[in-house]
Every structure is written in C-alpha cells, then in structure tokens.
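The values are calculated or read from the model by the stated rules, or taken from the named source; none is laboratory data. Only a predicted model underlies this, so the values are computations on that prediction, with no experimental measurement involved. No Cβ is skipped: glycine too gets one built from the backbone with ideal geometry, and neighbour counts run over all protein chains shown. Side chains are part of the model used for accessible areas, which takes the heavy atoms of the whole protein and leaves out ligands, DNA and RNA. Shrake-Rupley method; radii C 1.70, N 1.55, O 1.52, S 1.80 Å.
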Amino acid sequence: MGFQIKQLRWLYISLSILSLCLAITITPTRASLPVPTTSTLNVSASTSQPTNWLEQGRNLYHSGRFAEAVTIWQTAAQQYHTQGDRLNEALSLSYLSLTQQELNQWQAAQQSIEQSLKLLQIAKPSADAILWAQALNTQANLQLHTGKAETALESWQKAQKFYEQAGDTMGSLGSQINQAQALQTLGFYRRSKQQLEALTQKLQGMPDNEIKVSGLRSLGLALQIIGDSSKSQQILEQSLAIAQKIAAKPHLSSILISLGQTAVDLQDPEAALDYFEQAQLLTTNPSDQLQARLAQFKLFLNYDKLEFVNPLAPQLLQQLRELPPSHTSLYAAINFVATLNHQSNSDQILPLKDLAQLMAVTVKSAQQIQDTQAEAHALNQWGKLYQRTQQLSEAQELTQKSLNIARQLQANDIIAQSAWQVGQLYKQQGDRLKAITAYTEAVNALKALRGDLVAINPDVQFSFRTSVEPVYRELVDLLLENQPSQAELIQARELIESLQIAELDNFFREACLDKTQQIDRVDPTATVIYPIILPDRLTVILSKAGQPLRSYVTHKSQAEIEQTLDNFLVALNPVSDSKNRDQLSNQIYDWLIRPEEAEQAFIDTKTLVFVLDGRLRNIPIAALFDGKQYLIEKYAVALSPGLQLMATRSLHQNQMNAIVGGISQSRAGFSALPAVESEVKQISKSVSSSVLLNQKFTSQALAELVKSSSAGIVHLATHGQFSSRLEDTFLLTWDGQVNVKELSELLKNRGSDPSKAIELLVLSACDTAAGDDRAVLGLAGLAVKSGARSTIATLWPVKDRAAAMLMTRFYEQLRQPKITKAEALRQAQISLIRQTDFHEPFFWSGFVLIGNWI
C-alpha cells in the first residue's frame, strides 16, 4: 500500500519553493495516491478494462492532468455501476472526489465521497478495511478544507482504525499525523504536539525501512508547518540518514529538498543551497531535478547573488518551455515568472518579452488541460509584465480576464491579487473611485481567506509583507488623499483594524481572532488614536464616542519618520544625552498629540488608546514629552491591537486574587532575576495569591493552577521573548521554553465560559527580539490569543528592582475603588518618575498595557 489516499494539503509541501508571494501560495499540491490492494483488484479480474481505467486515472492524476483523470474515473464508476461491482465503484468515486478537490470542485467532491461511503456501507461486510480507510481519509481532507476540523479529526480517527485493521502501517501513521493537524486547527496545540511526539517515539522503534523513511519525512513536514523548524530539521535528517543507509534512492531528492526548505526557514542559506544541490545531483526524475534547480534559483534571488542567477535563469526558461502541459509544469512556470515579477531588476535577468511569451503558452496549456485556476494565475502574471512596461491597456485586459475567471471560480486567493492589480492600474490612470472599488474587492477577498490560512506555511517575512499588507496600506492611502470624507475616514479606520487582525492571523498561521464589541462606544472618557505611516506622510485619525472622526496630517517621508523613531529608541538608554532624547520625544509628540491638543480634542479625556502602526509599536508612547511633562503625567495610556478585538469588563474587587509565578535563579542559559523573589512576596501582600516560584513553576503546574483556580490575575515574572517570528516567541518555565501557542492554550484552560476568562495577564521580565523591528507583534499576539482581557508587559528588559517597585505600586493602586487598570499603571509610573531614582523613561515607560484598559 502507498502512504494514503490523500495526504493533507498542509502536509504536502511542494518541492518548488517558488511560491507566488501571497497569503495563499499557489504551489501545486499533490496527494499520494495508493494503488488498490490485490484483493481490490481481484474483484474486477473478469473485467480488465475498468481496472485499466483505474490505472490510467492514477497516471493522469500523478502527472497533474486532473480534468482528464476526472473523466476517466467517472467512466470507471459508471462501468462498475453497470456491472454491479459496488466495491470498485466505491474506489473509483473515492479517487474521483480526491481529484475534484484538486480542482476546487468542492460540491462535486462532497457528492462523490458521500456516494462512495454509501456503497461501502451497502457492501458490508465484504468491503475491504483498506477501502474504508482510503474513503474516510478522502472525506477527512475535504472536511478540513471546508472548515470542519472537528469532523475531520473524527474521520481520521476512524480511518486510522481501518488502516490498522488492514495492517497498513504507513496509512495508520499518516492518519495520525493528519489528526495532529486537525488538533492544531481546533486550537489544541499541546495535544497536537503530544501526538507528534508520540509518533516520533513510535517511528524510532520501527526497523529501518522505506515505511520509516516516509513516516519520518511526513512527520518532518508536519513539524515544519506548525513552526517547529529545528525539530523538523532533526527528523528530516534522520529520515535522510536511514534512506541513505538502506539505499532508498527514490526518497533521497524529496527529503533533501524538504531539508533545504527547512534551512531556508532557519535562515541558513548555505545549508539550504547544499541540500538543493545534492537533490539535483541525486535525482533521476526530471520533475525533481527542475524543482531542485528552481529552489536554488529562488535562494540566489533572495540573497541577491546575481552572478549565479543570470546563467541559471535562461536554462530554467528553456526547461520550462519544453515541459509537456500538466498541473505541475503550469505552476512551475507561473511561480518562476511570479518570482521574477517581484524583482525590480528582473529585465536584467531575462527579457520581459520572453517571460510574457512563457505566460502566453502557459495560458494556452491551462485551457488545453482545463486547469482554469492555473489559467487565471498565468493571466495575472502576464498582466503584471505589461504593467511593468507601462502597457496599461494590455495589462488591464489580461488582469481583468484573470479576475473574471477568479470570480467564477470563487477563488479568493486569485481575486485578491487580480483585483489589487486592477486597482493599481486604475490608480496609475488617475481613476481614484474605480481604484478604490477594485482595492476594496481585493481586501474583502483577503478577509474571506482568513479561514484558509490554517493550511498554509507562509514565509512570514516575505509573502505577508509583500502581498497582503500593501493591499491594505495602498487602499488607506487612496482613501486619505486630500480632504477625506467621514465615510472615507470610517473605511480607513476599519482597514487599519483589519490589517492588525490580518497581521496577527499571519503571525499565528491561522485565523485566530474574532471581532467583538466596538469598545470606543463603552468608555466616553477615552479617545482612540490611529496613527498610520504612509509613504509620504503620517496621518492620525482620532475617534471619540459620539463624535465624528477627525484626521491630522504631517507631511514627512516614511524614511524620515522611521529614522526619528529609531533614534528615539536608542536615546532612551540612560547613558544617552537626555537633551537629544527630549528633542526627539518632543518631535514625535508634535506629530501625534499636539495638533489635537491645539484643537482641544482631548477635553474630558482620561485615557488615550493607541492603535499603533509599524515602527510606532516599538516606542513607549507614555514617554512622549511636550517640553514640560511626559504624556503619562497628563493621561492614562493604553495600546490596542484593534478595538474590535476586545471584550469589555472592568476588574471587580472580588476578582482581585492572583496566580503568581516566576524564576529568580539562572536557568537554561538565562541570567538570574534576584528581585523576582521580593516582587512575588510584595504582590502576595497586596493581592491574595497562589505562588509558583522556581522549581514549582513548571508548565504543567501552571496549567493545572489556571484550570482549578478562579483567579482573575495571572502574573508571570520570568524571562521571555517576543518576536515577529512565531518560533522565537516564548516564555521560560522551570522545565523549559513554552512557545506562544502553547502558552495561549494553557491560559485559556478554563473552557469557553467568558465569565471565567483571565482579566489581567502580567509579564514583568520579558524582552523583544534584538534587531526585529516588528517584535511587538509577538506581544500583541499573546495579549489577544491568551484570552486575557488585558495584558501588561515590557517592551525591553527593565532593571528587576525597578520592575518589582513598579509592579508593587501598580497592585496597591489597583486595590483602590473604581480605578481603571490604565490609571493604576499610570499612577505607578508617575510614582517612579517623582519619588524614586528610577525617574528616567527607560525604567518605567517600557511597561505597556494592551487590551481592555477599564
């Protein structure tokens, strides 16, 4: 038996890493299609022709000619039906559903698999266990792809039992790996991880053979998807070593390409190149050879190695021209051109007319094999080539064709890119209203894709920042041109919030956030400030309950604004020149606050809530200086990753009990935090607390305490790091690092009852990753994903004595009647400014409140 009838899309990582740089990659996916067992084939021994059709269908499927495979399997199913051969009819229908899924024919796929399972039900008990396993596996894949993760999990569990009954080890392992993905989708990260770890143990105990090689490779790919690249690398290396030991040559190139991709994720280009070169040398399969060369090409481009790119590009172009039409060859050509379209200097690599010719041929080939999705993608890339040469009418015609096909297919990934391109073309031609309409369609398509983000392994730094974020920003830019109307300001504000949600979805690799109540309607004493950095200006939108939105513009280039913000961050170091710091701080104050104060926009405002954009997230807003006072001395300050993300409720006195955990000793290479012990003791005096210190502070102990306790506050004084990379965002417990997904699941360990949610999560000793200008994304992500209504954390490591002092004063303030969390933090910060040696902003302004400030 082969691996299983359908490996999940997320499990199959295409050998080509040349994905279109979108939230959804357009790399072709290919399931592993099993050959029927001997017993299945014997059923139709007297009618050899349908068996040939099954074989023919498999060959077409594996060569990516899905439309033809559908026709063959429909014919086979009809023939078997005529002969009364229910088992082979069921098998044909299962294959048919699989191929219909490849063509995104979801309704037809649903009908085919339902019919297949119905036939197997009728044929009981003569139906082979393996047929049941394959059909259930096909059904589970369909369920997961259409958003039914819970039923998919159940189907895979059933499939596993049938595979085991049939003695198919590989099928059983595959079903278990797929179950781990379904658990991920449902948010059960620790269960998913435990499942994968148990599978690792199971595989280690098996003899070295091809099943073990395939199982380890599949496991390595699964770990890569969930963001555990280091573990993925270890498992894939083991798979490679066994494949080499037992001379399993057919497996070598695919494992090497997977290892190359993992090395790319781990930002190790030398190792990646070595793997890709080995794969190219070892394979005899022309398709694998092409994929290995394409992977090298992409790597060279990403690292600006034009001396290697220039000779390789024409060779690849020639190879792509010579390939016969198939799903795989079409996407190889599309992705090759898409990669070059993202390079500003690609006309120096290959003539654009040669690329346009390749896309013209690809469009014809796609029509020939009835692959309409590939046709739409090819038209889009072809249109982009004309856009680059300023042939706008040709570009418009091709892109519009792509968009029309995408609408018919309801393919939101293609709608997103083609509508965006149409919008850019209208903008270039000066038609602002039509441009806004097209951009709005693109944004709506991106929002509709949120649920599909689960199935993707995005190169976060690349695809999101080049193909999702700019769509939002360019539309905001268009809306805020000149004197925006109230409707345009409202749409721009909604877009800024949607962008924040999209960034967090992308960070977690899943649609993890649902909008709730618009919080600015709840607190009339709060004013919400949305600063957005555009290429040639900084625009600030102001929102106050019951009043029209206002906007203020500062005409400065993005580069100048970001340089000032970076300089201010550096100047916060206590050894820096305080005059320079105050000057920079005053400059940012002039951009964000002074114009509104001049118009008395903050009358009756107690709290300023900032929905920050880009580099502004890295700076401590509380430390902005007006020449006499810091902003925190005038207003309470809170940050929000988007006001529609938060549930509103204040912390009642009866919830003033806490779980307090921390590590004061040096652990796992992290330095000691001696003041943590006194911080924990002081907090315990202010608030009734359950304490987990040092050896007692394990992830299991914390999970159990969160579940059994009704404490409204969780305070963790331990090392941690926030990063824009999911893999590098973690918190330290005594037994090791807990990644952000596991931590968020652990903190939500009280079920779905909102009345039991954690009201306040405090992280008093964390750091943001060095050199990562988007590291605060990890902090915002945890703040939202933990389910806590409010989070207090630090933007940089603060001297532990200052942190202990500030936290003690914060809890003393929080006990006061009718005080908000934001005001309690403000009073604690003011006490450090006015009553201690820690008056420099470095010591107190790094503490930020994210989420519900009430």
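Hey, what number do you get for the chain at 222 nm if only DSSP H runs of n ≥ 4 count, each worth -39500 (n - 2.57), divided across all residues, to the nearest 500? Spell out each step's value before the answer.
On the way: 34 runs with 487 residues, N = 854.
Result for the chain, helices only: -18500 deg cm²/dmol.
Using a 10 Å cut-off on Cβ atoms, rank the peptides 248-261, 170-183, 352-365 from the highest mean neighbour count down.
Answer by packing, highest mean first, reads 170-183, 248-261, 352-365.
What are the radius of gyration and Dmax of the chain, computed over its Cα atoms and given in Å?
Cα radius of gyration and Dmax of the chain are 28.8, 95 Å respectively.
Tell me the volume per residue, in Å³, of the convex hull enclosing the alpha carbons of region 747-827.
Details: hull volume 8.7 nm³, N = 81.
Hull volume over Cα atoms, normalised by residue count, gives 107 Å³.
So what does the Cα-only Debye profile of region 111-250 read at q = 0.20 Å⁻¹, as log10 I(q)/I(0), no solvent term?
-1.16
Treating only the Cβ atoms of Lys and Arg (+1) and Asp and Glu (-1) as charged, compute the dipole magnitude of the chain about its Cα centre; round to the nearest 20 debye. Spell out each step's value before the answer.
Values: 75 positive and 81 negative charges, 329 e Å.
Charge dipole of the chain: 1580 debye, to the nearest 20.
Between Ile819 and Lys434, what is the label-point separation in nm under the 7 Å Cα-to-beta-carbon projection?
Result: 6.0 nm between the two label points.
Any chance you could give the angle, 0 to 90 degrees and rounded to 10, that helix 229-245 forms with the longest Cα principal axis of the chain?
For helix 229-245, the angle is close to 30 degrees.
How big is the accessible area of Lys447 in square angstrom, nearest 10, if you roll a 1.4 angstrom probe over the protein chains?
About 60 Å², ignoring ligands and nucleic acids.
Apply the Karplus parameterisation 6.51 cos²θ - 1.76 cosθ + 1.60, with θ equal to phi minus 60°, to every residue of region 630-637 and state each ³J(HN,Hα) to the nearest whole Hz, in sequence, with x for glycine and proline.
Calculated HN-Hα couplings, in order: 7, 4, 5, 6, 9, 9, 6, 10 Hz.
Please give every one of the lysines within straight-line cross-link reach of Lys818, meaning a C-alpha to C-alpha distance under 20 Å, and leave out same-chain neighbours fewer than 8 residues apart.
Within the straight-line limit of under 20 Å, Lys818 reaches these lysines: Lys606, Lys634.
Express as a percent, rounded to the nearest 5, the fraction of DSSP beta bridges in region 692-786 (both residues included) that run antiparallel. The partial results should precede the final answer.
Numbers: 6 of 13 bridges.
Antiparallel: roughly 45 percent of the beta bridges in region 692-786.
Cα axis of helix 578-592 to longest principal axis of the chain: angle in degrees, 0 to 90, nearest 10?
70
Report the per residue volume, in Å³, of the convex hull enclosing the C-alpha atoms of region 282-403. Write down the numbers at each step before the final one.
On the way: hull volume 11.6 nm³, N = 122.
In region 282-403, the Cα convex hull volume per residue is 95 Å³.
Which loop chymotrypsin sites (Phe, Trp or Tyr not before Pro) in region 264-317, with loop taken from DSSP, have no more than 16 other Cβ atoms within 10 angstrom of their Cβ?
Numbers: sites: Tyr275, Phe276, Phe297, Phe300, Tyr303, Phe308; in loops: Tyr303.
Of the chymotrypsin sites (Phe, Trp or Tyr not before Pro), the ones in loops of region 264-317 whose Cβ has at most 16 other Cβ atoms within 10 Å are Tyr303.
Taking the Cα centre as origin and putting +1 on Lys and Arg beta-carbons and -1 on Asp and Glu beta-carbons, what dipole magnitude results for region 672-774, to the nearest 20 debye?
The dipole magnitude comes to about 380 debye.
Helix 800-814 against the longest principal axis of the chain: what's the angle in degrees, Cα atoms only, rounded to the nearest 10?
Its long axis makes an angle of about 80 degrees.
Which value, in debye to the nearest 20, gives the size of the charge dipole of region 189-264 about its Cα centre, when Lys and Arg are +1 and Asp and Glu are -1 at the Cβ? Working shown, then result.
Working: 9 positive and 5 negative charges, 36 e Å.
Around 180 debye, computed over region 189-264.
Between Leu186 and Gln700, what FRET efficiency comes out of the Förster formula 1/(1 + (r/R0)^6) with R0 = 22 Å and r the beta carbon distance, rounded to 0.05? Provide the component values of the computation, followed by the final result.
Details: r = 21 Å, r/R0 = 0.96.
That pair, Gln700 with Leu186, gives E of 0.55.
Taking a probe of 1.4 angstrom, what is the accessible area of Trp106 in Å², to the nearest 10?
70
Which distance in Å, rounded to a whole number, links the C-alpha centroids of region 653-721 and region 110-165?
Answer, in whole Å: 47.
In region 556-651, which GluC sites (Glu not before Pro) fall in coil by DSSP and have 16 or fewer other Cβ atoms within 10 Å? If you can, show how the numbers build up before the last one.
Values: sites: Glu560, Glu562, Glu596, Glu597, Glu599, Glu633; in loops: Glu599.
Answer by residue number: Glu599.
Would you give the gap between the C-alpha center of region 558-592 and the C-alpha center of region 281-300, rounded to a whole Å?
Here the answer is 48 Å between Cα centres.
For the chain, what proportion of DSSP beta bridges, expressed in % and rounded to the nearest 5, is antiparallel?
Details: 26 of 57 bridges.
Approximately 45 percent, going by the DSSP bridge assignments.
Which peptide among 682-691, 197-206 comes first, and what is the full order, when sorted by highest mean count of other Cβ atoms within 10 Å? All intermediate terms of the calculation are to be shown ahead of the outcome.
On the way: 682-691: 17.0, 197-206: 14.1.
Peptide ranking by packing, descending: 682-691, 197-206.
Working with all protein chains in place, sort Ser418, Ser578 by solvent-accessible area computed with a 1.4 Å probe, largest first. Mind dumping the intermediate values first?
Values: Ser418 0, Ser578 50 Å².
Sorted by accessible area, descending: Ser578, Ser418.
Ranked by accessible surface with a 1.4 Å probe, highest first, in what order do Arg615, Arg750, Arg65 come? Write down the numbers at each step before the final one.
Values: Arg615 55, Arg750 35, Arg65 85 Å².
Result of the area sort, largest leading: Arg65, Arg615, Arg750.
Kindly write out, for region 309-316 in residue order, the coupling ³J(HN,Hα) from the Karplus curve 6.51 cos²θ - 1.76 cosθ + 1.60 (θ = phi - 60°), rounded to whole Hz, with x marking Gly and Pro.
So the Karplus estimates, Gly and Pro as x, are 5, 4, x, 6, 4, x, 5, 5 Hz.
Give the residue from Gly662, Pro595, Ala638 lying farthest towards the positive end of the charge dipole for region 590-724; charges sit on Cβ (+1 for Lys and Arg, -1 for Asp and Glu) and the dipole is referred to the Cα centre.
Gly662
Can you tell me the alpha carbon radius of gyration of region 216-362 divided by the globular rule-of-thumb value 2.2 N^0.38 Å?
1.09
For a 32 Å ceiling on Cα separation, which of these pairs sit above it: Lys212/Lys305; Lys158/Lys212; Lys249/Lys384; Lys231/Lys305; Lys748/Lys799? Don't skip to the end; give the middle numbers.
Numbers: Lys212/Lys305 38 Å; Lys158/Lys212 22 Å; Lys249/Lys384 41 Å; Lys231/Lys305 29 Å; Lys748/Lys799 30 Å.
Cα-Cα > 32 Å for Lys212/Lys305; Lys249/Lys384; rest within.
How would Glu397, Glu375 rank on accessible area, largest to smallest, probe 1.4 Å? Working shown, then result.
Values: Glu397 110, Glu375 25 Å².
So the residues, ranked largest to smallest area, are Glu397, Glu375.
Once amide H atoms are built 1.01 Å from N in the peptide plane, which residues 5 or more positions from Phe838, or in another chain, come under 5 Å H to H?
none
Give me a comma-separated list of calculated 3J(HN,Hα) values for region 491-506, in order, Karplus coefficients 6.51, -1.76, 1.60 applied at θ = phi - 60°, integers in Hz, x for any Gly or Pro.
Calculated HN-Hα couplings, in order: 5, 5, 4, 4, 5, 4, 5, 4, 5, 4, 5, 4, 5, 6, 4, 5 Hz.
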